[in-house]
Amino acid sequence: FIAAVRHVLARGYGVLDDRGTSDDLDDTFTPSGIACARGSVVAASSNFAIQYNYACASIATAIMVSHNDLTDKGLTPDYPEPHWAEQCLLSVVFVGSVVGMLTMGFLGDLLGIKRGLVLTNTLTVLGALCSALLSWGSSENVWRIITASRFVLGVGVGGNYPLSAAKASQGMSVEQATKKAGVAFFWQGPGGLAPYVVGLGLLALPRTLPALTSLQFRVLLGAGAFPALIVLVASLCEPDVVAAKRDGRLQDALRNPAHWRTLVGTAGTWFLFDVAFYGTIIFSPTILGSVFGAQQSLQDLAQRAAMMCVLGMVGTALGLAALPVIGSKALNTLGLALASLLFGAFAFVYRQHPEQSLVLLSFLCLLFFVLYMGPNVATFLLPVEAFPEDVRSTFHGLSAAAAKLGAMAGALLFPVINDNFGIPAVMLTQATICAAGALLSQLAVPGEAAPFANSKTVPHVAEVAPEQETAQLRV
């Protein structure tokens, strides 16, 4: 499967010619080729770290509230979860992410992508390690330290969103930037799958091991530091670069009203997509419970979550393969429109035939596939296409921050609708949100790939080595 995905991505993005060989192999070991490869590793590892650290808390929390991996009623959890932690632990990382997206994106444009990546991944490494190594004492204290650490981690992970996209697309034409950012984005899929694979390995350990639950959740949370550490080390190994000051060019670009009008489309569609997307994630256990039964072991939970992640990876790979043919805007609009129809059909079937669990499961899988293939890919890439490199990191961060606000809105809104009006009302609300997202995408996102689509290279604030900066500015 991995080989097939790699081949599809490589051929779809022009890395392989018709004979399956690379046109750029001769350039691989030149200084520019090595720098390009290092940039690709940094961007891919950043995206892997993003999704791993978002996803690992769910399985880690499930293990903590078990007793030696047993979840039977009547058992006392090894780490009883306080009521306040139930309300805020999983959402605090999104709050931190919004802060990181708003601040780190701007710092990336102001100080340089390298310096931004060093700062944001330092926070990610610290947040992951602190949640694993400092969370000792009473259960209340353990949950308190993990929650605080998850906020710090969220700031770092949130900053990786705009900086990884800007890093992957740095110094390229719009078309090349979209391709590179798209391939880097694919690694969010394996990043989301990895916690459940690691979790399954940890759940296979003998239950006679002392402090088994403590070992399991600490390994899961602490492992999120490693992909961020790869990015941190790789960034530190790059030449020290700073953004050349060009008479306030960044400030002038930020004052351009055209960029803010475009932001309505990129941020608005990403916000609406994440409302529906995270609403679907919140709703998934209800459907899986109706199909497989309410009582699920931790192994069952990890296996079925991994199945959905693999389905999402297939959808993402096909979306990236289709991207050069139909473009990000069309992929976004069509994906949201199709998701709206599927949500509506789901609501109809659930209202008329709620006993058809397998049919509902099929709808859920199809929804995941469509959402991952279409708007999940396109919303990440639209800011890369729509904004020049001068302000790409800043406006990508603003768009991503709007998305995480949508995720929080979906996580809060849909349980309330479900409690008061039932599941069909939830699905109809999601259908309406996706339809609004498709309309906004069609009307507010620029028709061309970007305002600079016809230029060979996207205008950008140059990044130069400190010893070259004075000479370049003098010229």
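The values are calculated or read from the model by the stated rules, or taken from the named source; none is laboratory data. Model, not experiment: these values are computed from the prediction. Glycine also receives a Cβ, built like all others from the backbone with ideal geometry; neighbour counts cover every protein chain displayed. Only protein heavy atoms, including side chains, enter the accessible area calculation; ligands, DNA and RNA are left aside. Shrake-Rupley method; radii C 1.70, N 1.55, O 1.52, S 1.80 Å.
Structure notes:
- Number of positions in segment 56-75 that are more than 15 Å from VAL142 (Cβ to Cβ) and either over 25 Å from the mean Cα position of the chain (by Cα) or surrounded by fewer than 16 Cβ atoms within 10 Å (Cβ to Cβ) (or both): 9
- Against the numbered list (1) buried (at least 18 other Cβ atoms within 10 Å of the Cβ); (2) of a type outside the set (Phe, Trp, Tyr); (3) at pLDDT 80 or above, PRO82 comes up short only at (1).
- Filtering segment 117-148 to residues that are over 23 Å from THR394 (Cα atoms), of a type in the set (S, T, N, Q) and without any contact (Cβ under 8 Å) to a residue 60 or more places away in the chain leaves SER138, ASN141.
- If only residues of segment 344-372 that are aliphatic (A, V, I, L, M) and within 20 Å of ALA436 (Cβ to Cβ) are counted, the one that is nearest to the chain's Cα centre (by Cα) is LEU371.
- Flag not set for ILE281, criterion: assigned to a helix (DSSP H, G or I), β-branched (Val, Ile, Thr), open to solvent by less than 20 Å² (accessible area, probe 1.4 Å) and modelled with pLDDT under 90.
- Applying the condition of being within 16 Å of ALA409 (Cα to Cα) and over 17 Å from the mean Cα position of the chain (by Cα) to segment 85-123 and asking which residue is surrounded by the fewest Cβ atoms within 10 Å (Cβ to Cβ) yields GLN87.
- VAL152 part of a helix (DSSP H, G or I), under 26 Å from MET373 (Cβ atoms), hydrophobic (A, V, I, L, M, F, W, C) and open to solvent by 50 Å² or more (accessible area, probe 1.4 Å): no
- Residue match in segment 399-419 (condition: over 24 Å from LEU311 (Cα atoms), assigned to a loop (DSSP other than H, G, I, E, B) and at pLDDT below 90): no
- Single match in GLU385, GLU355 (criterion: closer than 30 Å to GLY108 by Cα and acidic (Asp, Glu)): GLU385
- Checked against the criteria, TYR372 does not count as among the hydroxyl-bearing types (Ser, Thr, Tyr), open to solvent by 50 Å² or more (accessible area, probe 1.4 Å) and touching a residue at least 12 places away in the same chain (Cβ under 8 Å).
- When residues of segment 228-260 are limited to those that are farther than 30 Å from LEU129 by Cα, under 27 Å from the mean Cα position of the chain (by Cα) and at pLDDT 80 or above, the one surrounded by the most Cβ atoms within 10 Å (Cβ to Cβ): HIS259
- Residue satisfying condition, being of a type outside the set (Phe, Trp, Tyr) and surrounded by fewer than 23 Cβ atoms within 10 Å (Cβ to Cβ), within set ALA128, ALA181, ALA168, ALA132: ALA132
- Qualifying residue in segment 102-114 (condition: in a loop (DSSP other than H, G, I, E, B) and at negative phi): no
- Filtering segment 328-340 to residues that are surrounded by fewer than 24 Cβ atoms within 10 Å (Cβ to Cβ) and either among the polar types (S, T, N, Q) or at pLDDT below 90 (or both) leaves only SER340.
- Condition broken by VAL445, with the remaining ones in (1) touching a Gly at 6+ places or on another chain (Cβ under 7 Å); (2) modelled with pLDDT under 85 satisfied: (2)
- Exclusive hit being within 30 Å of LEU212 (Cα to Cα) and touching a strand residue (DSSP E or B) at 6+ places or on another chain (Cβ under 9 Å), set THR124, THR76: THR76
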